[in-house]
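Colleague: Got a structure here, written out as structure tokens. Questions coming.
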Amino acid sequence: MRSKLLPLVAVILCAAALAGGMYLRGQLDRSAPDIITVKQSVTDRSLSVRRPEFWLPDPQGVRHGVSEWDGKVLVMNFWATWCPPCLHEIPMFITLQQRYGTRGVQFLGIAIDDADNVAAFADEIGLNYPTLHGQMDAIEVMSAYGNKSGGLPFTVIISQSGQIVGRHPGVLDEATATALIEELL
């Protein structure tokens, strides 16, 4: 009897894992347009979603609201000091902030981390854009912006009018980031 139940239990567990993965993928896909559809969503505002308001502290403890950057193209990147792919893309964001900062583009880091780790890393790498941090509160912000699975890195592009026009789970390459920024300027 026991040996007959083992294959059935294995099939049920596999089906549950597959269903869970499909559910999480669906949650990530439905709340904002993918980065691939940015060009279309920039021209068709009905595809865009208004960015949720939030407040998080910087490493010095000063709380900031996302509305501080209204009127700019906002490239918001969720990351952590313990995430190697996140650390890989940050030097590119530093370069793009230097290149586009005077043209109305603002990069904003949201670290799923504590203040000491974020401050030490920012000093070490020479971070030239603001970064906010948090634990569960930052994860809740990331979820509100369309990342229900919690994977890092995760980048959200917000237009000057405050519309979420793109999001990208995983490492964002420079060519894609540059094309997206240029499209919004």
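Colleague: Answer with one residue from Ile157, Thr95, Cys83: the one whose Cα lies farthest towards the positive end of the charge dipole of the stretch 32-184, charges on Cβ with Lys, Arg +1 and Asp, Glu -1.
Modeller: My answer, from the dipole projection, is Ile157.
Colleague: Could you tally the net charge around Ile139, taking each other residue with its Cβ under 14 Å from the Cβ of Ile139, Lys/Arg +1 and Asp/Glu -1?
Modeller: So the surrounding residues net to -3.
Colleague: Another question, if that's okay. Sort Trp79, Trp69 so the one with the fewest other Cβ atoms within 10 Å of its own Cβ comes first.
Modeller: Lowest to highest Cβ neighbour count: Trp69, Trp79.
Colleague: Taking other Cβ within 10 Å of each residue's Cβ, how do Ser161, Ser143 sort, fewest first?
Modeller: Ascending Cβ contact count within 10 Å gives the list Ser161, Ser143.
Where a number appears in this text, it was derived from the coordinates with a stated rule and is not lab data. This one's a predicted model, so the numbers in the text were calculated from it and none came from an experiment. Reconstructed Cβ throughout: ideal geometry from the backbone, glycine too, with neighbour counts over all protein chains shown.
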